[in-house]
Structures are given as C-alpha cells and as structure tokens.
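The values are calculated or read from the model by the stated rules, or taken from the named source; none is laboratory data. Please read all numbers here as calculations on a predicted model, not as lab measurements. When we count neighbours, we look across all protein chains shown, and the Cβ atoms used for this are built from the backbone with ideal geometry, even at glycine.
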Amino acid sequence: METHGSPSTDIELHKNNDLTSWQPRQPLIVQQWDYKEIYYISRVVHMDDAVKVMREKKMSPRPITHFSAYHRNNLPSEHPCKDLKILWFAPTLEFGAPSYYGNVEFILDLSWALQKWRKSYLMEMVTGKTYTLYRILLTNTNYDELFQGSSNSNGPILRPANVTGHWQRQDTGYGYTRNYVLTNCPRFNNQGYNMQGLTVEFLIEATEDDAKEVFNKSFLTFRDHRPALCEGPTACHRFVRRKKNCPYPYSPFDAQAELFRQLHPSFATNTW
Ligand SMILES: [Zn+2]
C-alpha cells in the first residue's frame, strides 16, 4: 500500500483519548487491489429498534451522537452541519454474517441512493488504537463552500469524496456505475497499524419524508447476533459499552421468528 504525503501532514479535526478524527491533506493514492466493489448499503439494528422501524414505517434521522468532529457539541454555532440529522449505513459485504450491531438488517440499493442523494463528501477519518474508519456524507445540500474553509477557523471541513480517493466511481458506459470503497488505508500521520482493518460508513442526510422512502425502498435480512453472548469489545456494539448483557443474542432464524411474533402477537399466540 502506498501512503500519502509525509508524516505529520494530516489535518487533526478532533481528538479524545485513543480516537482521532482527521482529514488527509492530500488525496489518497492507493493500489487498485485496496478497493472492493459494493452494490448495497445497509443498516443493522437490534430487535427493539427493528420493531419500532417496522411499526412506524420509517427510520428516523438523528444527530450524530458517536465520537465525531461533527458531533454538534464540537461544532461552532455557525457551522453548516450544526443541525445535521443523518441515517447511518455501511456497505453490505456479506449477507447473513454475524453482526455486532444487532439482529435485523435494512438493505438499500446503493445505485438508488446515489440517484436520490447527488452529492458526496468525505466527512472525516477516525483512527483508533487498532482500526480506522472513514465516513462519507450523502446529501442533496451543497457544502462545497465548506470545502474551501480551513479546519481551524470554521470547524471541520468536508471534501468531495470522489476526489479524495476514498471512493471510486466508474461509469461502465452501459447505463450503470460501479462503486468501489477502500479496504485498506493509511492511519493518522501513518502511526500504528489497522489490525482490525478499515470500516466505511455512509451517513445520509435525511428528512422525515426521506426516512419513509428509505424504509419503503429497503429490504430485510437477518443477521447472526449470537456472538453477543460472548464477552469482549466486539460482542455487541450497544450493550457491551453499557456493561449489560444483550437481550437479543439470536440466530438469524430466531430473529426472524421474534420479529414476526412482535409484529403479529395474536397470530403467533394462536398458531405457534
Ligand atoms: Zn446486542
């Protein structure tokens, strides 16, 4: 893997303990084999959230509450992303595989999403002790002006994702476009190793109406969340942090049955 620039050239956006949010100063130059083609993006949630989504027929956009330079508490009051509300998605790489995010997966066709949300920006890279992730914002808001600013004066910058090297789009000439995301990339100032690899996240800026459309366009699969019974940081994204046992450590089959039971309690009681 080739890296970009010399050490200490990356732009630090935000830091907290072991986590650093940053932007590369130069576009990444990486080898073609560091990219993987993706077709779908998905959002995996726990059983209770899935039941709520199915009942309300939408996924509600929320402000960023994870570690991020774009957490509203880290932004100056005039920053254009101060009131950003988003839906989190990640590339669907393997159907039915274990997930530490939960039981139920809502999957979207990426090509549909890219027709609906026309602009994409590299929001930030986040490097932890053993991994790096990067976040791409899909939006119909024009944030190009933010790209011109500096991270010191106006808060974090956004950069067009298509020119940073974090995401490649290739027009096939046959009416569709291929999309490739990175599977490997440099860390902040090239320090340390991504032993746990690289994660890509798509943050979709969405209205409540968008949220209903996303629900209508998504299809369901079920993920194996039995690893939540194990201890350790990769067991369950939601409950391990709270030092509680996950109440939904289901196999994909059990998750499917449970979702049906929750949505149709009378039917399930009478016939099971
Ligand atoms: Zn869990």
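Observations on the model:
- Verdict on Thr20 being within 26 Å of Tyr180 (Cβ to Cβ), in contact with an Asp or Glu (Cβ under 8 Å, 6 or more places away or on another chain), modelled with pLDDT of 95 or more and of a type in the set (Ser, Thr, Tyr): yes
- Restricting the stretch 205-235 to residues that are modelled with pLDDT of 90 or more and part of a loop (DSSP other than H, G, I, E, B), the residue that is farthest from Asn103 (Cα to Cα): Thr207
- Check on Leu259, at pLDDT 95 or above, out of contact with any Asp or Glu (no Cβ under 7 Å at 6 or more places or on another chain) and within 16 Å of the ligand (Cβ to nearest atom): yes
- Residue list for the stretch 23-37, restricted to those being closer than 21 Å to Lys129 by Cβ and modelled with pLDDT under 90: Pro24
- Condition check for Thr139: of a type outside the set (Phe, Trp, Tyr) and either buried (at least 19 other Cβ atoms within 10 Å of the Cβ) or in contact with a Leu (Cβ under 6 Å, 6 or more places away or on another chain) (or both): yes
- Condition met for Pro63 (on the phi < 0 side of the Ramachandran plot and surrounded by fewer than 17 Cβ atoms within 10 Å (Cβ to Cβ)): yes
- Which listed residue, of Ala255, Ala235, is touching a Pro at 6+ places or on another chain (Cβ under 9 Å) and among the small types (Gly, Ala, Ser): Ala235
- Picking from residues in the stretch 172-225 that are of a type in the set (Val, Ile, Thr) and within 19 Å of the chain's Cα centre (by Cα), the one that is surrounded by the fewest Cβ atoms within 10 Å (Cβ to Cβ) is Thr207.
- Here Pro156 passes the criteria (1) in contact with a strand residue (DSSP E or B) (Cβ under 7 Å, 6 or more places away or on another chain); (2) more than 25 Å from Arg241 (Cβ to Cβ); (3) in a loop (DSSP other than H, G, I, E, B); (4) not hydrophobic (A, V, I, L, M, F, W, C) except the one numbered (2).
- Residue count, the stretch 226-250 (criterion: among the small types (Gly, Ala, Ser) and surrounded by fewer than 15 Cβ atoms within 10 Å (Cβ to Cβ)): 1
- Answer residue from the stretch 94-119, given it is assigned to a strand (DSSP E or B) and within 16 Å of the ligand (Cβ to nearest atom) and is surrounded by the most Cβ atoms within 10 Å (Cβ to Cβ) among those: Val104
- Filtered residues of the stretch 154-177 (kept if more than 29 Å from Asp10 (Cβ to Cβ) and without any contact (Cβ under 8 Å) to a residue 24 or more places away in the chain): Asp171, Thr172, Gly173, Tyr174, Gly175
- Failed condition for Lys58, given (1) more than 30 Å from Asn184 (Cβ to Cβ); (2) within 16 Å of the ligand (Cβ to nearest atom); (3) touching a residue at least 60 places away in the same chain (Cβ under 8 Å): (2)
- Only residues that are assigned to a loop (DSSP other than H, G, I, E, B) and in contact with a Ser or Thr (Cβ under 6 Å, 6 or more places away or on another chain) were counted across the stretch 12-47, and they come to 2.
- Here Gln170 fulfils each of the conditions (1) within 16 Å of the ligand (Cβ to nearest atom); (2) assigned to a strand (DSSP E or B) apart from (1).
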